[in-house]
Amino acid sequence: MAFLSDTLARVKPSSTIAISNKARELKAAGRDVISLSQGEPDFDTPDNIKQAAIRAIEEGKTKYTAVDGIPELKQAISDKFARENGLSYKPSQVTVGTGGKQVLYNALVATLNPGDEVLIPAPYWVSYPDMVLLAGGTPTFVEGNLQTGYKITAEQLEAAITPKTKWLIFNSPSNPTGAAYSREELKALTDVLLRHPHVWVMSDDMYEHLLFDGREYATPAQVEPTLYDRTLTVNGVSKAYAMTGWRIGYAGGPEALIKAMGKVQSQSTSNPSSVSQYAAVEALSGPQDYITESLAVFQRRRDLVVAGLNACPGITCPTPEGAFYVYPSVAGCIGKTSQSGVKITDDEAFASALLEETGVAVVFGAAFGLSPNFRISYATSDEALIEACARIKTFCDGLK
C-alpha cells in the first residue's frame, strides 16, 4: 500500500516558487542573480497599516477570532465591495482566509465532486489547475493567444462549456499576462454564461487596482447582475497594499457557499492571523493614496520592460493592460543555440539557459499553459529591470 495519497501524485509544486527558490540558491552560492519570478510588490506596507497592526498587538488582539474573519473586517469588506464594485454583500456573505489562494481552494473543496470540470482560460496562474485537482475536480482549458492579447472570446467560451462544467475561473487583470478585459469584452462572456445556468463564476480580482492607462475596472457580477447568485468575487490585500506576507484574502458570494467555505476552513487552518485582520481593516478603510502612487510606478516600469524586451531579437512583448507582469513570446528564439551551447528547444530551455548564463530568473511559459513564452514580474526596482533587460538582450544577441 502506497504511503502518499494518489491525489498528491496528480499535482506538481508551484513553478513560480520553484524558480524563486533556485534563484535564492544561486544567490546564496555567490552568483549575481536578478529574480523576476515572484509576483510580490517591492514596496513596503504603508505605515498606517503597520501602525494598525501594532495597535492591535498592544491592545491584546492576539487571540483566536471567528473562523472566517472578525466582524470589523467583514464590514470593511462589505463596504469596499459596495463602494468600489457596486456589489451588495452582507457580512454574512463575506469570508476571510489566509490569502486569496486559501479562499479559492476552500471554494473548490466545498463544491467539487469527482467528474466536475472547472474551466480555466490559459495562460493561467500556475496554482489554478492543481488546486482543482487537489479538490477532486478536472481542470479544462480554453486558450487565448498573442493575437487576442491573451484573452478568450465569447465563441471560445461557448465551445468549451460542457454539461460537467461547474466553475469558470476568471482572472482580470491576469497573472501571468497582465491582460485585462474591458467592460464590453466581459459583457460578451457573461452573455454566454447566462445561457448556461449550471456554470458558476469564480472571479479572481486580486489585481483590480493595478489597471493602467486610465482603464475602468469591472467584475462579472457587476457587469451582469443576473450572475450575482452564482458568482464568488475573490480579492485580497496582498497586491494592492503590498501586504503579501500578511496573508489576508477575502470573498463575497451566496450565503450558502460562504457558509460551506467556512466549514472547510474550520477544519483546516481555522482563523487567519488576528493581527493581520486588524491591519486589513485599516488597509480597506483608511487612506488609499498608496494605490494611486504605486500604480504610477508600475505603469512606468511596464513601459520600461516592454520597450526593453521588444529590443531583443526573437522576442515579441505585447503591452499589458494591468497587473505587474509581461508575457513575451520567444518563438523567434526556438531552435537556436546559446553561447554556452544550449539548444533552445522550448521556453523552459530558454529560461534555464537564461538563468545559468546571465543570472536573470524568469518563469517559463509552459508552467502557465501557453508556450513558447516566459513571464517577468516587474515588481522590482527600475535599476534591476534595466539591468535584467540588458542581460536578456545580450543573451538573445548571442543566440545562433
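The values are calculated or read from the model by the stated rules, or taken from the named source; none is laboratory data. For clarity, every value in this text was computed on a predicted model and none was experimentally measured. Because the Cβ atoms are built from the backbone with ideal geometry, glycine has one as well, and the counts that use them run over all protein chains shown. The accessibility values were calculated without ligands, DNA or RNA, using every heavy atom of the protein model including side chains. Shrake-Rupley method; radii C 1.70, N 1.55, O 1.52, S 1.80 Å.
So the values come out like this:
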item: Top-ranked residue of the stretch 328-364 - restricted to ones that are over 16 Å from Lys393 (Cα atoms) and within 19 Å of the chain's Cα centre (by Cα), ranked as surrounded by the most Cβ atoms within 10 Å (Cβ to Cβ); result: Val363
item: Selected residue (criterion: farthest from Met206 (Cα to Cα)) from residues of the stretch 100-120 that are in contact with a helix residue (DSSP H, G or I) (Cβ under 8 Å, 6 or more places away or on another chain) and not in a helix (DSSP H, G or I); result: Leu112
item: Unique residue being open to solvent by 50 Å² or more (accessible area, probe 1.4 Å) and not assigned by the TED database to the domain that holds Glu216 when the list is Glu84, Glu40; result: Glu40
item: Residue in the stretch 122-137 that is nearest to Ala110 (Cα to Cα), counting only those that are in contact (Cβ under 8 Å) with a residue 60 or more places away in the chain, part of a helix (DSSP H, G or I) and touching a strand residue (DSSP E or B) at 6+ places or on another chain (Cβ under 9 Å); result: Leu133
item: Failed criterion for Ala18 (all others in (1) surrounded by fewer than 16 Cβ atoms within 10 Å (Cβ to Cβ); (2) in contact (Cβ under 8 Å) with a residue 12 or more places away in the chain; (3) of a type in the set (Gly, Ala, Ser) hold); result: (2)
item: Unmet requirement for Val297, which otherwise passes all of (1) in the same structural domain as Glu208 (by the TED database); (2) more than 17 Å from the chain's Cα centre (by Cα); result: (1)
item: Cβ-Cβ under 7 Å pairs, at least 6 apart or on other chains, the stretch 270-284 side assigned to a helix (DSSP H, G or I), far side hydroxyl-bearing (Ser, Thr, Tyr); result: Ser274/Thr62; Ser274/Thr65; Val275/Thr62; Gln277/Thr65; Ala283/Tyr241
item: Only listed residue being under 30 Å from Gly365 (Cα atoms) and touching a strand residue (DSSP E or B) at 6+ places or on another chain (Cβ under 7 Å), chosen from Gly69, Gly39; result: Gly39
item: Residue tally, condition polar (S, T, N, Q), in contact with a helix residue (DSSP H, G or I) (Cβ under 6 Å, 6 or more places away or on another chain) and within 17 Å of Val306 (Cβ to Cβ), over the stretch 344-400; result: 1
item: Selection from the stretch 191-203 of residues that are of a type outside the set (Val, Ile, Thr) and either touching a Lys or Arg at 6+ places or on another chain (Cβ under 8 Å) or under 13 Å from Tyr181 (Cα atoms) (or both); result: Pro197, His198, Trp200, Ser203
item: Residues located in the stretch 219-253, provided they are of a type in the set (Gly, Ala, Ser) and crowded, with 24+ Cβ neighbours inside 10 Å; result: Ala221, Gly236, Gly249, Ala251, Gly252, Gly253
item: Condition check for Pro313: open to solvent by 20 Å² or more (accessible area, probe 1.4 Å), of a type outside the set (Val, Ile, Thr), part of a loop (DSSP other than H, G, I, E, B) and under 30 Å from Ala218 (Cα atoms); result: no
item: Of the criteria (1) open to solvent by 20 Å² or more (accessible area, probe 1.4 Å); (2) touching an Asp or Glu at 6+ places or on another chain (Cβ under 8 Å); (3) of a type in the set (Val, Ile, Thr), which one Val109 fails; result: (2)
item: Long-range neighbours under 9 Å by Cβ, at least six apart or interchain, first residue among the charged types (D, E, K, R) within the stretch 75-95, second open to solvent by less than 20 Å² (accessible area, probe 1.4 Å) and part of a loop (DSSP other than H, G, I, E, B); result: Glu84/Glu208
item: Filter result (farther than 20 Å from Gln288 by Cα and hydrophobic (A, V, I, L, M, F, W, C)) within the stretch 47-65; result: Ala56, Ile57
item: Only one of Ala367, Ala384, Ala388 that is at pLDDT below 95 and part of a helix (DSSP H, G or I); result: Ala367
item: Members of the stretch 13-46 found to be modelled with pLDDT under 80, small (Gly, Ala, Ser) and in contact with a Phe, Trp or Tyr (Cβ under 9 Å, 6 or more places away or on another chain), listed by number; result: Ser15
item: Failed item in (1) part of a helix (DSSP H, G or I); (2) surrounded by fewer than 17 Cβ atoms within 10 Å (Cβ to Cβ), with Arg31 passing the rest; result: (1)
item: Pairs with Cβ under 9 Å, 6+ apart, first in the stretch 155-183 and without any contact (Cβ under 8 Å) to a residue 40 or more places away in the chain, second aromatic (Phe, Trp, Tyr); result: Tyr181/Phe170
item: Leu211, sole failed condition from (1) surrounded by fewer than 19 Cβ atoms within 10 Å (Cβ to Cβ); (2) of a type outside the set (Lys, Arg); (3) in contact with a Gly (Cβ under 6 Å, 6 or more places away or on another chain); result: (1)
item: Val33 vs. criteria within 23 Å of the chain's Cα centre (by Cα) and of a type outside the set (D, E, K, R); result: no
